[in-house]
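Have a look at the structure below, then the notes.
Computed from the coordinates by the stated procedures, all read-outs in this text should not be read as laboratory data. Quick caveat, the model's predicted, so the values are computed rather than measured. Here Cβ is always computed from backbone atoms with ideal geometry, including for glycine, and neighbour counts include all displayed protein chains.
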Amino acid sequence: MPSCFAGLEKEIGLKRLLESGPERRLHLRPPRMTTTVPCDNAFSMTAPNTEPQQPAVERQRMDVDIVCVGFGPANAGFLTTLARQLNNPDGTPRFESAVAPGMPTRVICYERADDIGFGVSGVVTRARAIRATFPDFKPDQVPMCAPVKDEKVLYLLDPIGASRRSATLRFGDAVIRALKWMLPVEREALDLPCIPPFLSKHNGLLFSLGQFNQWVGQQLMAGGAVQVWPSTPVAEPIIENESVAGVRLLDQGADKRGEPVAGFMPGMDIRAALTVVGDGPVGGVGSQLDHHFGLPPGNHARDWAVGMKMVVNLREDCELKPGMVYHTFGYPEPEIFGFLYVYPDRVASLGIFVPSWFDSPVRTSYRYLQHWILHPYLWRHLEGATLRSWGAKTLQESGRRGEPWLAGNGYARIGEGSGSTNVLTGSGVDEAWQTGVLLAEGVVELLKEKKPFTRENLEAAYVKRRRANWVDVENCIAEKSRDGFQRGVVTGLIGMFLAGISKGKLAAPGKPLRPHERLPRLEDYYRGKIPAGEIAKIRAECAAKGTSAHAALMERAGWPAIPYDGKLLVSQQDALLMGGKVRAPAGYADHVVFLYPHLCEQCGTKLCIEVCSGQAITPSPGGSVPAFDREKCIHCGACLWNCAQPLPGSPDRTNIEFRAGTGGLHSAEN
Amino acid sequence: MSTPYQIVVCGSIVPDPLQTLEPVAGPAGPALKNEMMLPAVLDPWAWHALFEAAHLAKGAPGSKVWLVSIAPKAKLQQVMMTVAQKAPFELVAVDGPSSGFTEAAEAAAILADAIKAIPGLDMKKLLVFGGWESASRGAGATMQIIGERLGITDQFQGVDKLTVAADGSLEILERIEGGKHQVSKCAGAPAVLGWATGNLPDPPNNPQTGMMNMRTIMPALQRAKPAKLAAEGVKFVSVTQPSQRRGTKIVKDTSPDEIAKEIVSWITGE
């Protein structure tokens, strides 16, 4: 049965609106800002690694009309749409500021990263919403942007024999190899004869979101109606009487634990009638709102993926043309999807997605990315290429099922963190942008009518718009499309196909599980390949060296060593320096916190170490709680949802808290 | 009673220090590949000079700080969003290239003219700050030529510290050869100070300062006139990327002496 049809969903949406008040109260959690133990009050264990007690410091306060958190596509869409409406055609302000009478509306956006183009990812998109905002948009206006000219979906066979394939897949592989004389099989890859329409990005665009963000940001700032401030992390929402009254910026001049040191400057309170939260799937403010208000009944964000990518200079004689897009699946593990798209000037963007339903306790993105690059079908294009940028980010793959409360008193949620990603079409940027546009239209309506930003008004002006918009209608179709992956890749692919062709009426069943419910032990994962005693020995040796164990374990299980060439195939640490250009300014608290040390001590998988995109989390010398090095963190947030230890009393949360923090990637090409 | 100063900081933008730069031959001479795509920062040397200026102005009520900058407008605007929260200043923007392939005398002439055009400028209160060096231009001559064009004879380069005495005179610590400092004194403004790194840490971001600065930054960018910086008469014989060797090694519990020895042997190839 389909999860929701358009008409039915409208009904459900209305029901949600009507019932949202009392249900919210059932989902209350103590806010982080006022509690020292981040779990239910019934749990009495102390948590030595929770935030230090906040000293009673005097905080400066600034009042604005609207404060936005995070400058990604959602807030870029929001601010672009809003800024166009804040002035009359003659340039005079259309609305008066409530906090500075006689002045124009004050709108400020705070971005965590050190620049507005840092820490984001590339995209191939149909760009419906972006083109609607910029009807005259031409790809040559933005560096690293091109129209999609050609698309291929490739099923990659395993040329090494090391990947973990089911019997069904092995049989399928054998059939493909046997019939390769009559099938479009080349260099261990089957070129699918057609692309399902729901996956196709025909007539779309591919671009670097970093460059696109810079382009949008420059126009916004030149307009002067709104301000965007990078390098300014927001620590938390200010919640008063179950309303959001603004945000608190991160303390500066603090040590790793957040204790004041020389030059301490308490984070300023930015008070605003409306707080727009678009800080992404692992954003600190969005997470705290989820913890405080809970999610709507039945919703949960349990499906994730880490997307890791590189931007490369292709070699001079590379045959790939600008606008070419490859989607791949099947290798290096069946669960891992890949992409490659080609910009002008022989520049390409490529990478993989490692999903949370790939049940490996050593699911390292970096190592798998290198094996993917080395697949014969891709290597013929990539051999001789040079790394110019690298990065990773978490994707919220629950889509609409992960949707939080979209609006409350004084706040609204937009973008990926609001469950806007379409998990059937694999599209998120354009959808995030559109949610920002829809909120801006609602906000302008409320400003015109001089209505306050209450839950009721925001639901009427924004949520209702969103429910009626293509973003939500298509997300309803997509809602259960990936459930089948919980049962395996083949079931998942069938489920996606069914959901796509039936417009969501059919899907393969599957129940998304939390990490601790699904991750096998290393010994079970490698059963039949590596004896338990040898696994223990490898782990002990790696821990003594302060490194993760995945490389040694994978090589022992049959994966070949990576032939480093110093250009494209480089060590993970070199990728940090050459591609990610990672930095972390001093004077801020660590943003990755292991909440309960005893849970780390009893953790058998230590997946946070294996999965860490920047090798910022490593075995701790002489301790069981992993060490965290902020100067290597690229803020992908993978540790948050890969932790296999549930938080006592809150099983949908893990023992890792991913807070607001500065620094990270310094590349604007991702 | 402290003397109020008019402090003009000269500083342009440079590519973010972590970026990989590649010189290419452009139609107007050498240029950086993909320069407009590279994220930029305020030149680190000028960055220190700006903080020293803000620090001095804070201690001398009635003082004011200007930042005079030649850079592509769009990139300068973006950099200002990071810089403007750090210290109060008024921007004077000149729209021009910032690739580093410019001629010091030309840049200095444009900067000096921009300084002279600041309304209400009082030479008796004027201190011209800037970077002793630049992250993209190593000539080290720009500040000196600006001073000459403004008729300021008290000039100090490689400054690490400035102290204002009770009588308004200035005591300045300049870097000299051999890792030493030279102590100089002058009666007061006007003076040109080309800063080394100074001693001040990066100030924290202050959103209120940012909001205040933005009132003048955006109009200044809109007013910015294009500058002719064609490096006419200058011939670039060759432009190459410095060669680099990379080696990554993780060591623990190693003494500084041992690390130093290892680095020396790595450099010398022994």
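Among A:Thr328, A:Ala254, A:Gly91, pick out the residue whose Cα is farthest towards the positive end of the charge dipole of the protein assembly as shown, where Lys and Arg carry +1 and Asp and Glu carry -1 on C-beta, about the Cα centre.
A:Thr328
Assuming R0 = 41 Å, what is the FRET efficiency of A:Arg131 and A:Asp345, from their Cβ-Cβ distance, to the nearest 0.05?
With R0 = 41 Å, the Cβ-Cβ based efficiency is 0.95.
Once each part is reduced to its C-alpha centroid, what is the distance from segment B:18-56 to segment A:450-515 in angstrom?
Centre-to-centre distance over Cα atoms comes out at 45 Å.
For segment B:49-191, what does the relative contact order come out to in percent, with C-alpha contacts under 8 Å and a separation of six or more?
So the answer I get is 19 percent.
Among the lysines, which have Cα under 29 Å from the Cα of B:Lys180 when same-chain residues fewer than 8 positions away are ignored?
Output for B:Lys180: B:Lys58, B:Lys161, B:Lys261.
What does DSSP give for the protein assembly as shown in terms of the percent of beta bridges that are antiparallel, rounded to the nearest 5?
Close to 65 percent.
Report relative contact order for segment A:543-658 in percent, whole number only (criteria: Cα-Cα under 8 Å, sequence separation at least 6).
28 percent
Straight-line reach only, C-alpha to C-alpha below 18 angstrom: list the lysines that B:Lys228 could link to, leaving out same-chain residues fewer than 8 apart.
B:Lys73, B:Lys75, B:Lys116
Any idea what the dipole of segment A:351-403 comes to, in debye rounded to 20, about its Cα centre with Lys/Arg Cβ at +1 and Asp/Glu Cβ at -1?
In total the dipole reaches around 100 debye.
Given A:Met182, A:Asn203, A:Asn213, which one lies farthest toward the positive end of the charge dipole of segment A:143-225, if we put +1 on the Cβ of every Lys and Arg and -1 on the Cβ of every Asp and Glu?
It is A:Met182, whose Cα lies furthest towards the positive end.
Quick one: Karplus J couplings for segment A:620-635, per residue in order, coefficients 6.51, -1.76, 1.60, θ = phi - 60°, nearest Hz, x for Gly and Pro?
Running phi through 6.51 cos²θ - 1.76 cosθ + 1.60 with θ = phi - 60° gives 8, x, x, x, 9, 7, x, 8, 10, 10, 4, 6, 10, 6, 9, 6 Hz.
Of the listed peptides A:215-225, A:293-303, A:107-117, what is their order by residue-averaged count of other C-beta atoms within 10 Å, with the highest listed first?
A:107-117, A:215-225, A:293-303
Using Cα pairs under 8 angstrom and six or more residues apart, how large is the relative contact order of chain B, in percent?
24 percent
Which one, A:Pro621, A:Pro344, B:Ser243, projects farthest toward the positive side of the charge dipole computed for the protein assembly as shown from Cβ point charges (K/R +1, D/E -1)?
Comparing the listed Cα positions along the dipole, A:Pro344 ranks first.
To the nearest 20 Debye, how big is the dipole of the protein assembly as shown about its Cα centre, given +1 on the beta carbon of each Lys and Arg and -1 on that of each Asp and Glu?
The calculation lands at about 1600 debye.
Report, by chain and number, residues whose modeled amide H sits under 5 Å from the one on A:Ala627, excluding near sequence neighbours (fewer than 5 apart, same chain).
A:Thr618, A:Ser620
Through the Karplus equation 6.51 cos²θ - 1.76 cosθ + 1.60, θ set to phi - 60°, convert the phi angles of segment B:173-183 into ³J(HN,Hα) values in whole Hz; use x for Gly and Pro.
Rounded to whole hertz, the list is 9, 10, 6, 10, 4, x, x, 10, 10, 9, 9.
Under a crude label model (7 Å from the Cα following the beta-carbon direction), how far is A:Glu601 from A:Thr168 in nanometres?
About 4.4 nm, to one decimal.
Could you derive backbone 3J(HN,Hα) for segment A:257-267 from the dihedral phi with the Karplus parameters 6.51, -1.76 and 1.60 (θ = phi - 60°), listing whole Hz in sequence and x where the residue is Gly or Pro?
8, x, 6, x, 10, 4, x, 4, 9, x, x
Per residue of B:35-45, how many C-beta atoms from partner chains lie within 10 Å of its own C-beta, taken as a mean?
Per-residue shielding by partner chains comes out at 3.
For the protein assembly as shown, what is the mean residue ellipticity at 222 nm derived from helices alone (per DSSP H run of n ≥ 4: -39500 (n - 2.57); sum divided by total residues; nearest 500 deg cm²/dmol)?
-8500 deg cm²/dmol
Less than 9 Å Cβ to Cβ from A:Pro159, Lys/Arg counted +1 and Asp/Glu -1: what total charge do the surrounding residues give?
Result for the neighbourhood of A:Pro159: -1.
Counting DSSP beta bridges with both partners in segment B:6-226, what percentage is antiparallel, nearest 5?
40 percent
By Kyte-Doolittle mean hydropathy of at least 0.5 and Cα axial length of at least 27 Å, which whole DSSP H helices of chain A are selected?
Span-like helices here: A:429-448.
Under a Cβ-Cβ cut-off of 10 Å, what is the net charge of the residues other than A:Asp251 that fall near it, where Lys and Arg count +1 and Asp and Glu count -1?
That works out to +1.
Across peptide A:577-589, how many C-beta atoms of other chains are within 10 Å of each residue C-beta, on average?
Mean partner-chain Cβ count within 10 Å for A:577-589: 2.
Please compute the net charge surrounding A:Phe497, taking Lys and Arg as +1 and Asp and Glu as -1 over other residues with Cβ under 15 Å from its Cβ.
Once positives and negatives cancel, what remains is +4.
Could you sort out which of A:Lys180/A:Lys505; A:Lys256/B:Lys64; A:Lys180/A:Lys201 sit more than 32 Å apart by Cα distance in this structure?
Exceeds cut-off: A:Lys180/A:Lys505; A:Lys256/B:Lys64.
Hey, can you grab everything whose amide H is under 5 Å from the amide H of B:Val68? Only 5+ residues off in sequence or another chain; H modelled, so Pro and N-termini drop out.
Those lying under 5 Å, H to H, from B:Val68 are B:Val9, B:Cys10, B:Gly11, B:Val92.
Using only the Cα atoms of segment A:347-407, build the gyration tensor, take square roots of its eigenvalues as a ≥ b ≥ c, and label the shape rounded, prolate or oblate: rounded if a/c is under 1.5, else prolate if a/b is larger than b/c, else oblate.
Verdict is prolate for segment A:347-407.
For A:Trp229, which sequence-distant residues (separation of 5 or more, or a different chain) have an amide H within less than 5 Å of its own amide H, given hydrogens modelled in the peptide plane?
Correct list: A:Cys109, A:Tyr110, A:Glu111.
If you take each beta carbon of peptide A:249-259 and count the beta carbons of other chains within 10 angstrom, what is the mean?
Mean shielding by partner chains, rounded to a whole number: 1.
Compute the Rg to Rh ratio over segment A:543-658 from the alpha carbon atoms, using the Kirkwood formula for Rh, and round to two decimal places.
0.99
Output the Cα-based Rg and Dmax of segment B:6-226 in Å, rounding Rg to one decimal and Dmax to a whole number.
16.7, 54
With a Förster radius of 56 Å, plug the Cβ-Cβ distance of A:Ile494 and A:Ala262 into 1/(1 + (r/R0)^6) and report the FRET value to the nearest 0.05.
That gives a FRET efficiency of 0.40.
Any chance you could count the Lys pairs in segment A:543-658 whose alpha carbons are under 23 Å apart, treating pairs 8 or more apart or on different chains as valid?
6
Pick out which of B:Gly233, B:Gly11, B:Gly147 has the largest mean-square fluctuation in a Gaussian network model of chain B, springs linking Cα atoms closer than 10 Å.
Ranking B:Gly233, B:Gly11, B:Gly147 by mean-square fluctuation puts B:Gly233 first.
So for the protein assembly as shown, what percent of the C-alpha to C-alpha distances run longer than 49 Å?
23 percent
Going Cα to Cα from B:Lys124, which aspartates and glutamates come in below 15 Å? Please leave out same-chain ones fewer than 8 positions away.
B:Asp154, B:Asp167
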